[in-house]
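Heads up, the thing below is written out as structure tokens.
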Amino acid sequence: MGAAHGHRLHHHGHSAVHRAPAHVKILVLVGFVLLVVATPRDWYAVFAAYAAVVVGTVLVARVPLGWVLRRMVVEVPFLVFAALVPFVAEGPRTEVLGLTVSEPGLVAAWGLAVKGTLGVMASLTLAATTEPTDVLVGLRRLRMPPLLVEIMSFMLRYLDVVTADLGRTLTAMRSRGCEPRSPRHWPALARSLGALFIRSYERGERVHLAMLSRGYTGTLPTATGGDGHR
């Protein structure tokens, strides 16, 4: 059941980036993100170099750039928030495209947008070149608390199950003349989501009891070797 999880973000390949140990890629990602966050917002050339590094890594991994960009849509709400900052921030005003905005707010919006975009793109590159199960093995090698790793493992394993339940719920609503995207049907959608949460919670309880009945002691067996490779 867990074999297909994460394929929405993983792009199968055999490049050097794909073959690199997961724990090394995780450390590089964390270090890169910390470096980007610590960089002053007015170091524009440095941000251009960061972007070149990320794009270069994507190209070396032979992951289509458009494939990555399409999945960056998750960042849109964050970018919308950044776009609003120049209008609500205080300080000296300037005119951009006929609109009066705050100069400090404009710089802050630039910093939020560029740092967030680089972080999201770097994270997607890791996801595209690393199987979810390998990420978990890498986290274990980095000595992340075992309980957190197991929670993430169950999240990956049952994400598609819950998503499929949601899809069936939305289909059932539409077959009864209820459009989930319509604001007047949002109360029905909220009740359906509440029922989905309860079903998911009860499924988790049943799975936990089944694991205990089979001798679960707090640690899951791994299907990988000691070096983290299948």
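The values are calculated or read from the model by the stated rules, or taken from the named source; none is laboratory data. Fair warning: this is a prediction, and the values are worked out from it, not measured in the lab. Backbone-built Cβ (ideal geometry, glycine too); neighbour counts: all protein chains shown. When the accessible area is computed, the model is the full protein with side chains, heavy atoms only, and any ligands, DNA or RNA have been set aside. Shrake-Rupley method; radii C 1.70, N 1.55, O 1.52, S 1.80 Å.
Give me the Kirkwood hydrodynamic radius of segment 24-108, using the inverse of the mean 1/r over all pairs of distinct Cα atoms, in Å to one decimal.
Working: mean 1/r = 0.0650 Å⁻¹.
The Cα-based Kirkwood calculation yields 15.4 Å.
Quick one: Cα centre-to-centre distance for segment 19-71 and segment 138-208, in angstrom?
Segment 19-71 and segment 138-208 have Cα centres spaced 31 Å from each other.
Take the alpha carbon gyration tensor of segment 145-213, find the square roots of its eigenvalues, order them as a ≥ b ≥ c, and report rounded if a/c is under 1.5; if not, report prolate when a/b exceeds b/c, else oblate. Display every interim value, and only then the final one.
On the way: a/c = 2.94, a/b = 2.48, b/c = 1.19.
Prolate, since a/c reaches 1.5 and a/b exceeds b/c.
For segment 46-103, which GluC sites (Glu not before Pro) pass both filters: DSSP loop (anything but H, G, I, E, B) and at most 12 other C-beta atoms within 10 Å?
On the way: sites: Glu75, Glu90, Glu95; in loops: Glu90.
Qualifying residues, ordered by number: Glu90.
For Met211, what accessible area in Å² do you get when you roll a 1.4 Å probe over the heavy atoms of the protein chains, rounding to the nearest 10?
Met211 has an accessible surface of roughly 30 Å² with all protein chains in place.
Would you calculate, for the chain, the mean residue ellipticity at 222 nm contributed by helices, counting each DSSP H stretch of 4 or more residues as -39,500 (n - 2.57) and dividing by all residues, to the nearest 500? The partial results should precede the final answer.
Details: 9 runs with 153 residues, N = 230.
One gets -22500 deg cm²/dmol as the mean residue ellipticity at 222 nm.
Between the DSSP loop rule and a limit of at most 11 other Cβ atoms within 10 Å, which trypsin sites (Lys or Arg not before Pro) in segment 179-219 are left?
Sites meeting the loop and neighbour criteria: Arg181, Arg214.
With contacts defined as alpha carbon pairs under 8 Å and 6 or more residues apart, what's the relative contact order of the chain in percent? Intermediate values should be presented prior to the final figure.
Working: 185 pairs, mean separation 57.7, N = 230.
About 25 percent, as a whole number.
To one decimal place, what orientation-averaged projected area in nm² is obtained for the convex hull of the Cα set of the chain?
Over all viewing directions, the chain projects a mean Cα-hull area of 17.5 nm².
Could you tell me the calculated FRET efficiency between Ala210 and Val53, based on Cβ-Cβ distance and R0 = 41 angstrom, to the nearest 0.05?
Details: r = 46 Å, r/R0 = 1.12.
It comes out at approximately 0.35.
Given a Förster distance of 45 Å, report the FRET efficiency between Tyr201 and Glu95 from their Cβ-Cβ distance, rounded to the nearest 0.05.
Working: r = 53 Å, r/R0 = 1.18.
With R0 = 45 Å, the Cβ-Cβ based efficiency is 0.25.
Tell me the carbon and sulfur percent of the accessible area for segment 145-213, rounded to whole percent, probe radius 1.4 Å. The partial results should precede the final answer.
Working: 3340 of 4840 Å².
Roughly 69 percent of what the probe reaches on segment 145-213 is carbon or sulfur.
With a cap of 12 neighbouring Cβ atoms within 10 Å, and only residues DSSP puts in a loop, list the chymotrypsin sites (Phe, Trp or Tyr not before Pro) found in segment 1-95. Can you show the working numbers first?
Working: sites: Phe32, Trp43, Tyr44, Phe47, Tyr50, Trp67, Phe78, Phe81, Phe87; in loops: Trp43.
The qualifying sites are Trp43.
Taking the solvent-accessible surface of protein heavy atoms with a 1.4 Å probe, what is the per residue accessible area of the chain in Å²?
Each residue of the chain exposes 63 Å² on average to a 1.4 Å probe.
List residues of segment 114-140, by number, whose backbone nitrogen lies under 19 Å from a label position 7 Å along Cα→C-beta of Arg70.
Answer for this model: 121-130.
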